[in-house]
Amino acid sequence: MTDRSSRESNPVQTSELRCIACGVVCQKAEQKFRCTACGDLLEIVYPDWSSAGLDPSTLRDLWCQRRTSKLPVDESGVWRFRELLPSFGDWQQIITLREGNTPLYEMPSCARMAGLQQLYAKHQGMNPTGSFKDTGMTVAASVARRERFRWVACASTGNTSASMAAYAARGGMRSLVLIPEGKVSWGKLSQALDYGAVTCQLKTDFDGCMRVLNEVVQRMPVYLLNSVNPYRLEGQKTAAIELMEQFDWQSPDHVIVPGGNLGNSSALGKAFLEMKQLGLISTLPKVSIIQAEGANPLVRTMRENGGRELISVKAETAASAIRIGNPASWKKAVRVLQATDGTVEQVSEVEIALAKAEIGADGIGCEPASAVTLAGLKKLVKQGFVRSGDSVVLILTGHLLKDPEFTLKFHRGDLFAGTDREKEADILKPQQRAPIVLDATVDAVIRTLKEADDRLET
Ligand code: F0G
């Protein structure tokens, strides 16, 4: 490793923690990452940016050059953009799994389904632990270790816990996971176990886990790694920066994001606003947020009071990652919607299942929570909010293999069997491909192949 790994020649940015409501600047975050004056969330701001001479074309060139470097800090698709992150001093101290660097795919068949000429997906499920959480976790876990915490903790619907457990293990820290019993997919649960987390399944929902954890972190010296931790959001910003690089710094018209605890939409929106401020992009994409009908607090909040006061709900959806009724970052998300002229939409369970299969049929695949983006986009096109010639990017947040049970139930036709959605679910039949059990003979296989070929011809 060369000297360049630990010391940078370019200017290092100072950052501050500032309350999003009263604007008080906190020198150090307390355990719950809340403002000590008014209790609201904190965000990270960079007071020197206007004077630091961050030239857009110099930054773009620097970030591009780092792609050829073999240093861990440059190979990471998060730390490659470190000029827009809190400074770390010694870059050898970061915990990285080479997160980020995720692909941007064209989605021709989904574009047709949605009625668009062209559609893209930025697949954050292609991160090391299979979800977008890794981009934030590399930053916040590195801060936890720098602050000498032995324990890190989160409440989770599954992906945060998988990611946190991995980064804690890599960084030599212990991790505590609180998840709602029976509501986390096996793929995610098994990751947390394998990475060595102490995993507690609480007899409550995600919102209940969050309440318990907020008390635990006040009594015990554990570092909170939920997305109220503003360092998480700084890392998650880099997906938007990388996206703009992939688009040659020309903003798409729309970016569509799933909404759960609303950290990710807040982070992406913050990145777009900062990139505009720094002259890296000249226009803002509209950032729109899609929720499941059964877990729609932001949709209700925007529709019923214009984003002034959170309407919490008792959340229920098979897209378990976004089964959240009391989102922590709702105010940040409302600001992003307002600043980028985005909108909110909600989609039904059947619409989510259909959209997930359609994304799969483009050879990409994702977990159910990610598929709300396509389901929501179809509605936004019908409403005329998105026009057929617009450039649109779906943010796919989790990998298909995160929740194989959902996919198997879908293809076997079991997802809605015996529920009051059975009739509505008839529209899913053309997408269903249940596995076929056959005698182990050549004839049986050839017959099946011919039948399938005939079916696909018609
Ligand atoms: N998509 C996936 C796959 C997720 O895991 C989550 C959130 C979201 C979307 C929503 O993102 O919360 O930033 O609005 N998962 C969290 C977890 C809550 O615990 O894994 P958000």
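Between LYS183, LYS237, LYS188, which is among the basic types (Lys, Arg), within 10 Å of the ligand (Cβ to nearest atom) and in contact with a Gly (Cβ under 9 Å, 6 or more places away or on another chain)? Lay out the reasoning, then the answer.
On the way: LYS183 fails: within 10 Å of the ligand (Cβ to nearest atom); LYS237 fails: within 10 Å of the ligand (Cβ to nearest atom).
Of the residues listed, the single one that is among the basic types (Lys, Arg), within 10 Å of the ligand (Cβ to nearest atom) and in contact with a Gly (Cβ under 9 Å, 6 or more places away or on another chain) is LYS188.
Suppose we filter the range 246-261 for residues that are more than 16 Å from the ligand (Cβ to nearest atom) and either modelled with pLDDT under 95 or open to solvent by 10 Å² or more (accessible area, probe 1.4 Å) (or both); how many remain?
First, pick out the residues of the range 246-261 that are more than 16 Å from the ligand (Cβ to nearest atom): 246-254.
Still in the list and also either modelled with pLDDT under 95 or open to solvent by 10 Å² or more (accessible area, probe 1.4 Å) (or both): 246-251, 253.
Matching residues across the range 246-261 total 7.
Here GLU75 fulfils each of the conditions (1) open to solvent by less than 40 Å² (accessible area, probe 1.4 Å); (2) of a type in the set (Asp, Glu); (3) farther than 11 Å from VAL139 by Cβ apart from (1). Scanning the range 343-366 for residues that are surrounded by 24 or more Cβ atoms within 10 Å (Cβ to Cβ) and within 14 Å of the ligand (Cβ to nearest atom) gives VAL347, ILE352, ALA355, LYS356, ILE359, CYS366.
Quick check on this structure: which one of ALA417, ALA440 is small (Gly, Ala, Ser), without any contact (Cβ under 8 Å) to a residue 60 or more places away in the chain and open to solvent by 60 Å² or more (accessible area, probe 1.4 Å)?
ALA440
If a residue must be within 15 Å of the ligand (Cβ to nearest atom) and either farther than 20 Å from ARG323 by Cβ or open to solvent by 20 Å² or more (accessible area, probe 1.4 Å) (or both), how many such residues does the range 169-180 contain? Spell out how you get there, then give the answer.
Applying the first criterion (within 15 Å of the ligand (Cβ to nearest atom)) to the range 169-180 yields 175-180.
Keeping just the survivors that are either farther than 20 Å from ARG323 by Cβ or open to solvent by 20 Å² or more (accessible area, probe 1.4 Å) (or both) gives 175-176.
Residues that pass the stated criteria total 2.
Against the numbered list (1) within 20 Å of THR373 (Cβ to Cβ); (2) part of a helix (DSSP H, G or I), GLY342 comes up short only at (2). Within the range 330-342, track down each residue that is within 14 Å of the ligand (Cβ to nearest atom) and among the charged types (D, E, K, R). Answer for the range 330-342, where residues must be within 14 Å of the ligand (Cβ to nearest atom) and among the charged types (D, E, K, R): LYS331, LYS332.
Restricting the first member to the range 367-380 and to residues that are buried (at least 24 other Cβ atoms within 10 Å of the Cβ), and the second to residues that are among the hydroxyl-bearing types (Ser, Thr, Tyr), the beta-carbon pairs closer than 6 Å and six or more apart or on different chains are SER370/THR397.
For SER320, state whether it is within 13 Å of the ligand (Cβ to nearest atom), modelled with pLDDT of 95 or more, within 17 Å of the chain's Cα centre (by Cα) and open to solvent by less than 10 Å² (accessible area, probe 1.4 Å). Against the criterion (within 13 Å of the ligand (Cβ to nearest atom), modelled with pLDDT of 95 or more, within 17 Å of the chain's Cα centre (by Cα) and open to solvent by less than 10 Å² (accessible area, probe 1.4 Å)), SER320 does not qualify. The single residue among MET220, MET164, MET210 that is among the aliphatic types (A, V, I, L, M), closer than 22 Å to ILE44 by Cβ, open to solvent by 20 Å² or more (accessible area, probe 1.4 Å) and modelled with pLDDT of 95 or more turns out to be MET210. One residue alone among ARG112, ARG34, ARG60 is open to solvent by 60 Å² or more (accessible area, probe 1.4 Å), within 26 Å of the chain's Cα centre (by Cα), without any contact (Cβ under 8 Å) to a residue 24 or more places away in the chain and over 18 Å from GLY235 (Cβ atoms), and that residue is ARG112.
Residues considered: ILE446, ILE395, ILE427. Of these, the only one that is outside any loop (DSSP other than H, G, I, E, B) and under 18 Å from ALA361 (Cβ atoms) is ILE427. Screening ARG387 against (1) open to solvent by 80 Å² or more (accessible area, probe 1.4 Å); (2) farther than 27 Å from MET244 by Cα leaves a single unmet condition, (2).
From the list PRO285, PRO327, the one residue that fits, being away from the ligand (no atom under 14 Å from the Cβ), under 21 Å from the mean Cα position of the chain (by Cα), open to solvent by less than 10 Å² (accessible area, probe 1.4 Å) and modelled with pLDDT of 95 or more, is PRO285. Filtering the range 320-339 to residues that are in a loop (DSSP other than H, G, I, E, B) and of a type in the set (Ser, Thr, Tyr) leaves only SER329. The residue list THR96, THR135 contains one member that is open to solvent by 10 Å² or more (accessible area, probe 1.4 Å), farther than 30 Å from PRO430 by Cα and among the β-branched types (Val, Ile, Thr), which is THR96. Filtering the range 57-76 to residues that are touching a helix residue (DSSP H, G or I) at 6+ places or on another chain (Cβ under 6 Å) and not in a helix (DSSP H, G or I) leaves only LEU71.
The values are calculated or read from the model by the stated rules, or taken from the named source; none is laboratory data. Because the structure is a prediction, the values reported are computed rather than measured. A quick note on method: Cβ atoms are made from the backbone with ideal geometry, for glycine too, and the neighbour counts reach across all protein chains shown. In case anyone asks, the SASA skips ligands and DNA or RNA and just uses the protein heavy atoms, side chains included. Shrake-Rupley method; radii C 1.70, N 1.55, O 1.52, S 1.80 Å.
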